[in-house]
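The values are calculated or read from the model by the stated rules, or taken from the named source; none is laboratory data. Everything numeric in this text was worked out from a predicted model, so none of it was measured. Please note: Cβ atoms are built from the backbone with ideal geometry, for glycine as well, and neighbour counts cover all protein chains shown. These area figures cover heavy atoms from the full protein model, side chains too; ligands, DNA and RNA do not enter into them. Shrake-Rupley method; radii C 1.70, N 1.55, O 1.52, S 1.80 Å.
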Amino acid sequence: KIFPPYYGYQSALDIVPTFLEELGLDYIDLVLMHAPKMPIARNECSQSGISEKECRQETWKALSELREKGVMRNVGVSNFMIHQLQEIAELGLAPIANNEFQFNAFVPPSQHELFEYCMENDITVTAYYPVGGTQEKHKAASSETIKLLSEKYGKSSYQLLLRWLVQKKAAVIPGTGNPKHMKDNLDVYSWSISDEDMAMMDGLRSSEEAKKFTYIDLNWFA
């Protein structure tokens, strides 16, 4: 990832090649812009007085050039909203390969709209906090809908939520150091959820249960 303090055309051109040196690689599969902006970040753009939109676009121009040179094969973003994705797309440069943002069955409808936009525009999605977040995953297990379906499929609540994401064609990044949990996570590829039950889980976004969860409001980055 390239972080906002390194945004700007020249800054991005300078910093990304150092990733190859640090990693000892000939190329990188994917480089992401970590966020549309960070309110407290000072960078080349803030020093030159250009807008946040122009800063993102100048950074993307640099990343596109580096991609053309073979430094990385794909470029993407993280926590970008629809209008911010459109600002990048209008440049007509490197395609947006991926958007990484918080996505699970309990996030608000706006996050689901973002997901659908990405799917419709060939932008893969990486879902972080796939079961509700590090401090809130226990809430998912207490959901009546999830408990009902977990019993039906003979799977844990976490497996159910991961499978829902996989079936939606999201890339999922659950974190664990527990070998048993790793095995359970990989097991989500061996079974599937029915269309009817997928629709039931889709409805969680507007349920009272969803209000128990906190989420990263992407408007903070607007």
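Exactly one residue out of Leu218, Leu186, Leu160 is touching a residue at least 60 places away in the same chain (Cβ under 8 Å) and among the aliphatic types (A, V, I, L, M): that is Leu218.
Does Lys180 fit the bill of being open to solvent by 40 Å² or more (accessible area, probe 1.4 Å), at pLDDT below 95 and more than 21 Å from the chain's Cα centre (by Cα)? Taking the combined requirement at face value, the residue satisfies it. If you filter the range 91-104 down to residues that are of a type outside the set (Val, Ile, Thr) and under 14 Å from the mean Cα position of the chain (by Cα), you find that the one that is farthest from Thr214 (Cα to Cα) is Ala97.
For Ile123, the criteria (1) closer than 27 Å to Ser11 by Cβ; (2) touching a residue at least 12 places away in the same chain (Cβ under 8 Å); (3) open to solvent by 20 Å² or more (accessible area, probe 1.4 Å) hold in every case but one, which is (3).
Among what's in the range 57-79 and is hydrophobic (A, V, I, L, M, F, W, C) and not in a helix (DSSP H, G or I), pick the residue that is surrounded by the fewest Cβ atoms within 10 Å (Cβ to Cβ).
Start the filter on the range 57-79 by keeping residues that are hydrophobic (A, V, I, L, M, F, W, C), which leaves 60, 62-63, 66, 71-72, 75, 77.
Applying the additional criterion that residues be not in a helix (DSSP H, G or I) yields 71-72, 75, 77.
On the way: Val71: 20, Met72: 22, Val75: 27, Val77: 26.
Once the filter is applied, the top-ranked residue is Val71.
Residues in the range 19-56 that are loosely packed, with under 14 Cβ neighbours inside 10 Å, at pLDDT 95 or above and of a type in the set (A, V, I, L, M, F, W, C): Leu23, Leu25.
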